[in-house]
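A.B. asks: Dropping the structure in here first, questions after.
The values are calculated or read from the model by the stated rules, or taken from the named source; none is laboratory data. None of the values given here were measured: they were computed from a predicted structure. Using ideal geometry, Cβ is built from the backbone for each residue, glycine included, and neighbour counts are taken over all protein chains shown.
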Amino acid sequence: MQLTFSNKLSANTCLPDKKTPLAIQLFRLTRLGLHTLYGAAVAATILPSVNTLQRERIIRRWSRQFLNILNIRVLAKGHTPDEDVRGTMFVANHISWLDIHALNSIRTVRFIAKSDIRAWPVIGWLVAQANTLFIERDKRQDASRMVETAAESILAGDCLCYFPEGTTTDGTELRPFKGSLMQAVIDTNTEIRPFSIRYPNTKGSANIAMAYHGETTLWQSLRRVLAQQNPVVELDFAAPIASAGHERRGLCLMARQSIAARLDLD
């Protein structure tokens with residue numbers, strides 16, 4: 001799928017010109033709440049008893065429905081993965097909590113996330129049921145444990161994803177990458193799959209209203225998303241990069257350069 005907007009981010013970012021009527025926002029919020037409860041019921045009763053492929057399909061379908069409720073259009077291009085892709089690690093820039101649903105709507109993965117997400121009401125539990133791997137970012141010794149766990153998951157055929165910036169941005173910058181988890185790819189002699197995430201507005205520049213960063217709360221972010229009429233998220237998948245012959249720092253740099261080129265950022 002190809003995006004019809006400009007591929008370049010402009011420094012002149014702006015919020016959407018039009019807002020969704022309040023009645024529609026409330027309707028979407030109600031549907032979102034019901035969909036979340038439905039997801040909790042499925043996670044508690046169905047996911048524990050299905051195989052990996054069935055689990056992935058259930059999560060992918062739920063994520064697509066989640067985004068449809070918010071009227072978010074997902075546009076994927078480049079080396080778009082399918083369910084035949086196995087045993088790899090996706091890496092991307094990070095803008096919003098919506099990034100997770102956007103990727104899962106294309107290819108279901110196991111995310112590596114900060115441990116504090118697990119404490120989020122309802123959503124934290126749902127994320128855990130989706131086989132998310134949690135890392136204590138403030139504890140340096142936890143990185144080695146996560147590398148070992150990630151390597152085991154990759155060898156088992158799982159697709160993983162982590163955001164090496166370690167935090168979110170508003171989409172107008174790309175921060176330095178933290179590459180400790182790249183060691184799991186090197187240890188398993190597999191590959192990484194870089195991809196860029198951007199939320200363009202109708203003028204092609206960054207729609208910063210979609211960003212969940214800084215002091216913005218989850219509720220504030222959700223309200224901004226609900227207020228938009230036709231939000232778009234674009235995923236641009238680069239060619240896989242084999243880990244053979246690379247050390248961790250070099251592999252991390254290659255991933256960042258690949259993503260930066262797609263975002264037209266330094």
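A.B. asks: Keeping to segment 206-242, report how many residues are over 27 Å from residue 23 (Cα atoms) and of a type in the set (Val, Ile, Thr).
C.D. replies: 1
A.B. asks: Please find, among 52, 80, the residue that is of a type in the set (Val, Ile, Thr), closer than 20 Å to residue 104 by Cβ and modelled with pLDDT of 95 or more.
C.D. replies: Testing whether each residue is of a type in the set (Val, Ile, Thr), closer than 20 Å to residue 104 by Cβ and modelled with pLDDT of 95 or more leaves just 80.
Here's the yes/no breakdown for (1) within 27 Å of residue 85 (Cβ to Cβ); (2) touching a Phe, Trp or Tyr at 6+ places or on another chain (Cβ under 7 Å); (3) modelled with pLDDT of 80 or more; (4) surrounded by 14 or more Cβ atoms within 10 Å (Cβ to Cβ):
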site	(1), (2), (3), (4)
107	yes, no, yes, yes
112	yes, yes, yes, yes
122	no, no, no, no
128	yes, no, yes, yes
134	yes, no, yes, yes
145	yes, no, yes, no
156	yes, no, yes, no
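A.B. asks: Within segment 239-266, which residues are among the hydrophobic types (A, V, I, L, M, F, W, C) and either under 21 Å from residue 203 (Cα atoms) or part of a loop (DSSP other than H, G, I, E, B) (or both)?
C.D. replies: 239, 244, 260, 261, 263, 265
A.B. asks: When the residues of segment 38-53 are narrowed to those that are in contact with a helix residue (DSSP H, G or I) (Cβ under 9 Å, 6 or more places away or on another chain) and either of a type in the set (Asp, Glu) or loosely packed, with under 14 Cβ neighbours inside 10 Å (or both), which ends up nearest to residue 200 (Cα to Cα)?
C.D. replies: So in segment 38-53, the residues in contact with a helix residue (DSSP H, G or I) (Cβ under 9 Å, 6 or more places away or on another chain) come out as 38-40, 42-44, 46-48, 50.
Next cut, either of a type in the set (Asp, Glu) or loosely packed, with under 14 Cβ neighbours inside 10 Å (or both) only: 38, 44, 46, 48, 50.
On the way: 38: 30, 44: 36, 46: 36, 48: 37, 50: 37 Å.
Filtering segment 38-53 for residues that are in contact with a helix residue (DSSP H, G or I) (Cβ under 9 Å, 6 or more places away or on another chain) and either of a type in the set (Asp, Glu) or loosely packed, with under 14 Cβ neighbours inside 10 Å (or both), the one nearest to residue 200 (Cα to Cα) comes out as 38.
A.B. asks: Taking segment 65-98 as the search range and keeping residues that are buried (at least 19 other Cβ atoms within 10 Å of the Cβ) and touching a Cys at 6+ places or on another chain (Cβ under 9 Å), which one is nearest to residue 233 (Cα to Cα)?
C.D. replies: 92
A.B. asks: Output the number of residues of segment 203-253 satisfying the condition of being surrounded by fewer than 15 Cβ atoms within 10 Å (Cβ to Cβ) and touching a strand residue (DSSP E or B) at 6+ places or on another chain (Cβ under 9 Å).
C.D. replies: Here the count works out to 5.
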